[in-house]
1. Does residue A:111 satisfy the criteria of being buried (at least 19 other Cβ atoms within 10 Å of the Cβ), of a type in the set (A, V, I, L, M) and away from chain B (no Cβ under 14 Å)?
2. Does the range A:62-72 contain any residue that is away from chain B (no Cβ under 14 Å), surrounded by 21 or more Cβ atoms within 10 Å (Cβ to Cβ), in contact with a strand residue (DSSP E or B) (Cβ under 7 Å, 6 or more places away or on another chain) and hydrophobic (A, V, I, L, M, F, W, C)?
3. Of all residues in the range A:126-137, how many are touching a strand residue (DSSP E or B) at 6+ places or on another chain (Cβ under 9 Å) and either modelled with pLDDT under 95 or surrounded by 15 or more Cβ atoms within 10 Å (Cβ to Cβ) (or both)?
4. Conditions first: (1) under 30 Å from residue A:30 (Cβ atoms); (2) assigned to a helix (DSSP H, G or I); (3) in contact with a Leu (Cβ under 7 Å, 6 or more places away or on another chain). Residue A:172 passes all but one, so which condition is the exception?
5. Here are the criteria: (1) in a strand (DSSP E or B); (2) touching a residue at least 60 places away in the same chain (Cβ under 8 Å); (3) touching a Lys or Arg at 6+ places or on another chain (Cβ under 8 Å). Tell me which single one residue A:121 does not satisfy.
6. Pick out, from the range A:1-116, the strands (runs of 3 or more DSSP E) lying fully within it that include 2 or more residues that are of a type in the set (Gly, Ala, Ser) and under 17 Å from the mean Cα position of the chain (by Cα).
7. Quick check on the range B:76-108: of everything there that is among the polar types (S, T, N, Q) and in contact with a strand residue (DSSP E or B) (Cβ under 6 Å, 6 or more places away or on another chain), which residue is farthest from the other protein chains (Cβ to nearest Cβ)?
8. Looking at residue B:49 and the list (1) without any contact (Cβ under 8 Å) to a residue 60 or more places away in the chain; (2) within 18 Å of residue B:3 (Cα to Cα); (3) within 14 Å of chain A (Cβ to nearest Cβ), which single condition is not satisfied?
Number of protein chains: 2
Amino acid sequence: MKLTFVTGNTHKFREAERILKEYNVIIGRKDVNCEEIRSESCEEIALTCLRLLRRKVNKPFFVEDSGLFINALNGFPGTLSSWVFKKIGNGGILELLREKQSRDAYFLSAIAAWDGGREKVLTGKVDGHISLELRGKGFGYDPIFIPAGSDKTFGEDEKVKFLCSHRRNSLRKLAEWIGR
Amino acid sequence: MKLTFVTGNTHKFREAERILKEYNVIIGRKDVNCEEIRSESCEEIALTCLRLLRRKVNKPFFVEDSGLFINALNGFPGTLSSWVFKKIGNGGILELLREKQSRDAYFLSAIAAWDGGREKVLTGKVDGHISLELRGKGFGYDPIFIPAGSDKTFGEDEKVKFLCSHRRNSLRKLAEWIGR
């Protein structure tokens, strides 16, 4: 089945294309923006977006919503990660954690998919913590997120990100659901 | 004319009731939540909310959206001020400004009103800066906002807040529009 990934984010599309290919799922891209709702849940945002787009997209497709959730900041920046990043950047997150005891955080990815008949929400999560300073390059919060079991940020070790990211997890579940 | 203030916020309602009374405008309250859109503009949020509620509220009414905009943080927390406050509080804002040169900020209030025939957007603004530490009590960001010309935060001097706040400005314009 050919699936369409509806996303305005080129970076996300390339990552998904590369991962899903391993599972023999070929995807195309449609660049339609979804009027995002306000919610604390990536799953709810993705599903609402899927339902809004069902009218516009007449073939099997999926959308994805993700965020970084920091425990000591009550889940901030969470579902508004992308907006917060544009405003205060990684420097702002490091300032906010300067005097916090815990630096625990997780990335969450929620995919909402429609296969032409049914809809499904699939999530992926990666636990970890926020580094003490910016390390490496990469996209968004990658240079400050260290996944559990590693001593490098996603920005320092792209391979680790590619192999264990929240998005890989949700995409793997998507491939399994599509191939069921 | 009796006006209804549609708001889920008791604090805002009491403040508006007290101020509008000076202008001989009596208000009632309706506690209906508006599904907020994502926007960088308080005016757009208020107007969209007004239009969504027009179906539910069958009498002259208004809604209000406000935010604190900090220059050195690209307008953060802006239209998401209330959400950001719940997550990181005033302590978080002070951390984010720790090493910034400028502490300039402003509060903006946007009212969207419907008088039974026409709709109108009215705004009020108060310039100022963010204090170096928490001072005084009060609601939300009041203890860290010092209006231009004063050396006290809104939290230290409730009277100053009552006399020169962004919300007083937008409410005064509302009273003028209603009484035109």
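1. Working: buried (at least 19 other Cβ atoms within 10 Å of the Cβ): yes; of a type in the set (A, V, I, L, M): yes; away from chain B (no Cβ under 14 Å): yes.
So residue A:111 fits the description; yes.
2. Just the residues of the range A:62-72 that are away from chain B (no Cβ under 14 Å), to begin with: A:62-64, A:66.
The next check asks that each one be surrounded by 21 or more Cβ atoms within 10 Å (Cβ to Cβ); those that pass are A:62-64, A:66.
Filter once more, keeping what is in contact with a strand residue (DSSP E or B) (Cβ under 7 Å, 6 or more places away or on another chain): A:62-64, A:66.
Next cut, hydrophobic (A, V, I, L, M, F, W, C) only: A:62-63.
Yes, because at least one residue in the range A:62-72 is away from chain B (no Cβ under 14 Å), surrounded by 21 or more Cβ atoms within 10 Å (Cβ to Cβ), in contact with a strand residue (DSSP E or B) (Cβ under 7 Å, 6 or more places away or on another chain) and hydrophobic (A, V, I, L, M, F, W, C).
3. Residues of the range A:126-137 touching a strand residue (DSSP E or B) at 6+ places or on another chain (Cβ under 9 Å): A:126-131, A:135.
Next, only the ones that are either modelled with pLDDT under 95 or surrounded by 15 or more Cβ atoms within 10 Å (Cβ to Cβ) (or both) stay: A:126, A:128-131, A:135.
Going through the range A:126-137 one residue at a time, the tally reaches 6.
4. (3)
5. Unmet for residue A:121, out of (1) in a strand (DSSP E or B); (2) touching a residue at least 60 places away in the same chain (Cβ under 8 Å); (3) touching a Lys or Arg at 6+ places or on another chain (Cβ under 8 Å): (3).
6. On the way: elements: A:3-6, A:27-30, A:61-70, A:104-114.
Filter on the range A:1-116 gives A:61-70, A:104-114.
7. Our first condition is that a residue be among the polar types (S, T, N, Q); within the range B:76-108, this holds for B:79, B:81-82, B:90, B:101-102.
Retained after the next criterion (residues that are in contact with a strand residue (DSSP E or B) (Cβ under 6 Å, 6 or more places away or on another chain)): B:79, B:81.
Values: B:79: 10, B:81: 12 Å.
Filtering the range B:76-108 for residues that are among the polar types (S, T, N, Q) and in contact with a strand residue (DSSP E or B) (Cβ under 6 Å, 6 or more places away or on another chain), the one farthest from the other protein chains (Cβ to nearest Cβ) comes out as B:81.
8. Unmet for residue B:49, out of (1) without any contact (Cβ under 8 Å) to a residue 60 or more places away in the chain; (2) within 18 Å of residue B:3 (Cα to Cα); (3) within 14 Å of chain A (Cβ to nearest Cβ): (1).
The values are calculated or read from the model by the stated rules, or taken from the named source; none is laboratory data. Just so you know, these numbers come straight off a predicted model, no measurement behind them. Every residue, glycine as well, gets a Cβ built from its backbone with ideal geometry; the counts of neighbours run over all protein chains shown.
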